Amino acid sequence: MTTSWLSRPGVVCALGAGIDAVAAAAFAGDTGGMRRLPGWVTDRALTLGAVADPLPAIPDTLAARHHSRNNQLLLAAARQIEPLLRGAIARHGAHRVAVVLGTSTSGVNDNAPAFRDLATHGAWPDGYDYRRQALSSPAAFLADWLGASGPAYTLSTACTSSARALLSARRLLALGLCDAVVCGGADTLCRLTINGFATLEAVDDALCLPFSANRRGINIGEAGVLFLMQRDRADGAEVALLGGGASSDAWHMSAPEPGGAGALQAMRAALRSAGLAPADIGWINLHGTGTAHNDAMESLAVHALFPQGVPCASTKPLTGHALGAAGALEAALAWITLAPANADGRLLPHVWDGQPDPALPALAFSTAAHRYPAGRRRIAMSNSFAFGGNNASLILGAAT
């Protein structure tokens, strides 16, 4: 496939709203958006990456069918790059602009009051519409809001959902089915999801510690992230999706394949897709959840592919694990390291307690002092690994 160009992303997450605010906080290793919040799990306060910024209301003409916090996150991200999105429709035509998004819960947490009404009164409340929380809702809402009439669909492959949305967007362009794709994802804090991870004993009450000997689990977050992807370097695009790979090892319903075979397969496929060698990668945004099994298998896979080492970090202590939005969010965090605004090539720091697990291969975690290698193109890899052995790896590069 040919290179696909990524616009400046629209982003709202625990780091803030807008790519400039998010970049400043990320480079500083700011974990201030990660807060202990009660009420999600009984008798327990968890550290979560909740979006604190006010979210825009869904327009009245769309609210009856599309109102949800999940779609509000999308709308917040879309408004940040709205001129780019509407410019693409004006240039290519509405039928040539696609919408491909990822989510895991699609705002299902908003259902809770309706189910309480049903249990109490025996009927759904007035105005309740299940389509607001359908998995198709994010793409349907955004296409309706934009007036885009090209292909529009939502992917739900757990924590790889929005990474796979970017891969699907790239395929649509390569197949000539459209000329521009609005792609990314959104996921909202959800009581069902949070309690599910808590039942698995996979959440950390305090800030998560990816790859530490003291790691205890994940922090869950929420986010909305959107890119405009096009074949040509239009609208001032300075970062490209050079390639991507995916695999599905189906090892276990929730645990990753312990040796990292599926993760390694996805990373190798991404390198082949981009026509690159491991030595070309200057930084990796690791999946790095902070769980015992994920960090162990990812350490093995990364060490096998990069035995000489490569700077890398998990950004989940900054944002929480945004689940279906995580792949796009972490691609956006890779994007900020590659964009011209990062003139000196800074890398994002790996925020942890500095206590490596002696049972794992040592990785070269990046700090605020690290930079991309001078004199060569900046290229980053971003990994996403999900339940069911669903794996994805993206490779992004700065314009040459």
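Here the Karplus relation 6.51 cos²θ - 1.76 cosθ + 1.60, evaluated at θ = phi - 60°, turns the backbone of the range 367-377 into coupling constants of 10, 5, 8, 6, 9, 4, x, 6, x, 9, 4 Hz, with x for every Gly and Pro. Take the Cα of Leu175, step 7 Å toward its Cβ, do the same at Ala90, and the gap between the two points is 3.0 nm. Placing +1 on the Cβ of every Lys and Arg and -1 on the Cβ of every Asp and Glu, with no other charges, gives the chain a dipole of roughly 800 debye about its Cα centre. The string of couplings for the range 98-106 from the Karplus curve (6.51, -1.76, 1.60, θ = phi - 60°) is 9, 10, 10, 10, x, 7, 10, 10, 6 Hz, one whole number per residue in order, with x for Gly and Pro.
Look at (i) 18.4; (ii) 25.1; (iii) 31.6: the one that is mean projected area of the Cα convex hull in nm² derived from this structure is (i). Taking label points 7 Å from Cα along the Cα-to-Cβ direction, Ala45 and Ala134 give a separation of 4.1 nm.
Highest mean packing comes first when the peptides 40-52, 71-83, 89-101 are listed by Cβ atoms within 10 Å, giving 71-83, 89-101, 40-52. The antiparallel fraction among DSSP beta bridges confined to the chain stands at about 65%. Placing R0 at 25 angstrom, the Cβ-Cβ distance between Arg216 and Ala250 gives a FRET efficiency of 0.40 after rounding to 0.05. Ordering Gly389, Ala134, Leu347 by the projection of their Cα atoms onto the charge dipole of the chain, which places +1 on the Cβ of Lys and Arg and -1 on the Cβ of Asp and Glu, puts Leu347 at the extreme positive end.
Taking the average, over residues, of other Cβ atoms within 10 Å as the packing measure, peptides 160-168, 379-387, 320-328 rank 320-328, 160-168, 379-387 from highest down. Beta bridges per DSSP, both residues in the range 275-400: antiparallel share near 55 percent. Under the convention that each Lys and Arg Cβ holds +1 and each Asp and Glu Cβ holds -1, the size of the dipole of the range 313-386 around its Cα centre is about 340 debye.
Summarising the amide proton neighbourhood of Ile218: residues at separation of 5 or more, or on other chains, whose placed amide H is nearer than 5 Å comprise Val203, Asp204. Net length available on complete extension from Arg116 to Phe387 is 94.6 nm, with 0.36 nm assigned per residue and the Cα-Cα distance removed. Packing here is the average count of other Cβ atoms within 10 Å per residue, and on that basis the peptides 120-128, 188-196, 62-70, 8-16, highest first, run 8-16, 62-70, 188-196, 120-128. Expressed as a rounded percentage, what relative contact order does the chain have, with Cα pairs under 8 Å and six or more residues apart? Reported relative contact order: 23 percent. Here's the picture: charge each Lys and Arg Cβ at +1 and each Asp and Glu Cβ at -1 in the chain, and of Ala114, Ser247, Thr367 the one pushed furthest to the positive end of that dipole is Ser247. Looking at the square roots a ≥ b ≥ c of the eigenvalues of the Cα gyration tensor of the range 1-97, which shape do they give, rounded for a/c under 1.5, prolate if a/b is larger than b/c, or oblate? Oblate, because a/c is 1.5 or more while a/b does not exceed b/c. The separation of the range 265-324 from the range 37-83, counted between C-alpha centres, amounts to 29 Å.
Considering only DSSP beta bridges where both residues belong to the range 173-230, give the percentage that are antiparallel (nearest 5). Taking every DSSP beta bridge within the range 173-230, about 90 percent pair in antiparallel fashion. Taking amide H atoms as placed 1.01 Å from N in the peptide plane, the amide H of Leu155 lies under 5 Å from those of Leu101, Gly102, Thr103, each 5 or more residues away in sequence or on another chain. Roughly how many Å is it from the Cα centre of the range 364-388 to that of the range 183-239, as a whole number? One Cα centre to the other: 17 Å.
Based on protein heavy atoms only, the chain ends up with 37 Å² per residue of surface accessible to a 1.4 Å probe. Entry note, the chain: the mean residue ellipticity at 222 nm calculated from DSSP H runs of n ≥ 4, each adding -39500 (n - 2.57), is -9500 deg cm²/dmol after division by the residues and rounding to the nearest 500. Taking only protein heavy atoms and a 1.4 Å probe, the accessible area of the chain is 55% carbon and sulfur. Rounded to the nearest 0.05, the FRET efficiency derived from the C-beta distance between Asp353 and Tyr153 at R0 = 41 Å is 0.50. For the range 383-400, backbone phi angles converted through the Karplus equation (6.51, -1.76, 1.60; θ = phi - 60°) give residue-by-residue couplings of 9, 9, 10, 10, 3, x, x, 8, 10, 8, 9, 10, 10, 10, x, 6, 4, 9 Hz, Gly and Pro being listed as x. Spin-label model, Ala364/Ala277: points 7 Å from Cα along the beta carbon direction are separated by 1.5 nm.
Between amide H atoms placed 1.01 Å from N, distances below 5 Å from Gly243 occur with Ile395, all of them 5 or more places distant or on a separate chain.
The values are calculated or read from the model by the stated rules, or taken from the named source; none is laboratory data. The structure displayed is predicted, hence computed values, not measured ones. Using ideal geometry, Cβ is built from the backbone for each residue, glycine included, and neighbour counts are taken over all protein chains shown. To get the accessible areas, we keep the full protein, side chains included, count just its heavy atoms, and leave off ligands, DNA and RNA. Shrake-Rupley method; radii C 1.70, N 1.55, O 1.52, S 1.80 Å.
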